[in-house]
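Written out below as structure tokens is the structure these notes cover.
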Amino acid sequence: MVKAAIIGAGHFAYRMHIPVLAARDEVELDSVCRLGAEELELIRKEFGFAFATENWRDVLEREIDIAVIASPHHLHFEQAKAFLEKGCHVLVEKPMCLDPAEAWELARIAEASGKELLVAYGWNYKPGLDEARAMIARIGEIEHVVCHMASFTRGIFSGGGMERWKHIAIQPDRSTWEAPEQGGGYVYGQLSHALGILFWLTDLRASTVRAETFDAPTAIDLHDAATVVFENGATGVFSGSCGVPNGHGFEVDIRLYGTEGSVVLDIETQRLTLKLPGGVVETAEVPDGAWTYSCEGPANRLVDIALGHGRNESPAHVGARAVEVMHGILASAKQGTRHDIKPASTAVAE
């Protein structure tokens, strides 16, 4: 049996990660942690956890194999680090953390420990998306990237929008999205999804970011626009917006232009297309609904890896490259200048 711990059993963990683990016959739900004694007891009883606590460090004393870190964003680094060092495979919610140096430190700890760190990028586990890799391999050196994500989240990031979840026993904590010091805002909360796909499909790594944001009165970003230069010299345009009207789906559009061709990945229209010289167009066949967003994949893969099979499709280096860009967008917008990203080899040492 794989013994599991949940750190930060909030709304999303209650709605997604815990039920996924509970449905696996190979998993024993050992430990659960969250603040709020009443909610903690509700979750313990509903899912049959052996141990429940409001202090996450108590769980470090338990004999567990996997840990899911679903706490507020600013707590991810310390908690993921502790459970990797304990010897657990770890799934951490996106964003992986808020600071690039800490993100690369987590990547090094995971490598040194021989354990996997997975970031909860649900799309990375959807069938057929990885076909984009084979297409990208045929377009030569990547010279330009467009990466855009928009979603129906204006209400969430501007103080409302919780009505759709009012029937769920564990309610969302607004501070997760609305407090700047805790990683609130669109970049960390939503654009992180698209970046997780981009850096999973390519080896690109940003070197500079110049950005502007449109902010809410609470000082968190609602819309984002950035130009990026990558280490190989390629340019990029990144954008994010919470402005999709309610009743519509996610917009995720990634376009890559190389020396020999281009690739278009459009999640909303389920389109994956390769364009080559001579008017050649190749389009992947995508079953209807295959790319509709959900996040069962990462938790299921965490269990698979603990059992000795399955590949990590959202590893630490993907999360770290995404954190660099997210941090860079917000830093550049705040400072009004270009933000230079430190090499990974020096990020922690400094």
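Observations on the structure shown:
- Taking the square roots of 5 times each eigenvalue of the Cα gyration tensor of region 58-197, largest first, gives ellipsoid semi-axes of 26, 25, 15 Å.
- Along the axis of the charge dipole computed for the chain (Cβ charges of +1 for Lys and Arg, -1 for Asp and Glu, origin at the Cα centre), the listed residues 234, 190, 71 are led at the positive end by 234.
- The convex hull drawn around the Cα atoms of the chain, when projected onto a plane and averaged over every direction, covers 17.5 nm².
- Near the amide H of residue 140, within less than 5 Å, lie the amide hydrogens of 260, all on another chain or at least 5 residues away, with H placed in the peptide plane.
- Dipole magnitude of the chain about its Cα centre (Cβ charges: Lys, Arg +1; Asp, Glu -1), debye to nearest 20: 240 debye
- Simple Cβ-charge dipole of region 1-115, Lys/Arg +1 and Asp/Glu -1, about Cα centre, in debye nearest 20: 160 debye
- In the chain, Cα pairs under 8 Å separated by at least six residues give a relative contact order of 21 percent.
- When only Cα pairs below 8 angstrom with a gap of at least 6 residues are kept, region 1-100 shows a relative contact order of 29 percent.
- Where GluC sites (Glu not before Pro) fall in DSSP loop in region 112-213, at most 13 other Cβ within 10 Å: 141
- Basic side chains Lys and Arg get +1 at the Cβ, acidic Asp and Glu get -1 at the Cβ, and with that the dipole of region 195-350 about its Cα centre reaches some 380 debye.
- Region 223-330: C-alpha gyration tensor shape, a/c 1.5 cut-off, then a/b vs b/c: rounded
- Packing, taken as the mean count of other beta carbons within 10 Å per residue, orders the peptides 213-223, 99-109 from highest to lowest as 99-109, 213-223.
- Remark: the residue 208-residue 41 segment gains 55.4 nm on full extension, using 0.36 nm per residue and subtracting the alpha carbon distance.
- Among 87-95, 264-272, 36-44, the peptide with the highest mean count of other Cβ atoms within 10 Å heads the list, and the full ranking is 87-95, 264-272, 36-44.
- Burial ranking of peptide ranges 279-288, 302-311, 61-70 (average Cβ count within 10 Å, highest at the top): 61-70, 302-311, 279-288
- Using a cutoff of 8 angstrom between alpha carbon atoms and counting only pairs six or more residues apart, the relative contact order for region 1-52 works out to 39 percent.
- Geometric extent, Cα atoms of region 176-259 - Rg, Dmax (angstrom): 13.9, 43
- Globularity index of region 139-200, i.e. its alpha-carbon radius of gyration over 2.2 N^0.38 Å: 1.46
- Set of lysines near residue 81 by C-alpha distance (under 26 Å), chain-local residues within fewer than 8 positions excluded: 3, 94, 115, 342
- Mean residue ellipticity at 222 nm, helices only, the chain: -8000 deg cm²/dmol; runs of at least 4 DSSP H residues each add -39,500 (n - 2.57), and the sum is divided by the number of residues.
Read-outs: derived from the displayed coordinates by stated rules, not from any lab. The structure presented is a predicted model; accordingly, all values stated were derived computationally and were not measured. Heads up, the Cβs are rebuilt from the backbone with ideal geometry, glycines too, and the neighbour counts pull from every protein chain shown.
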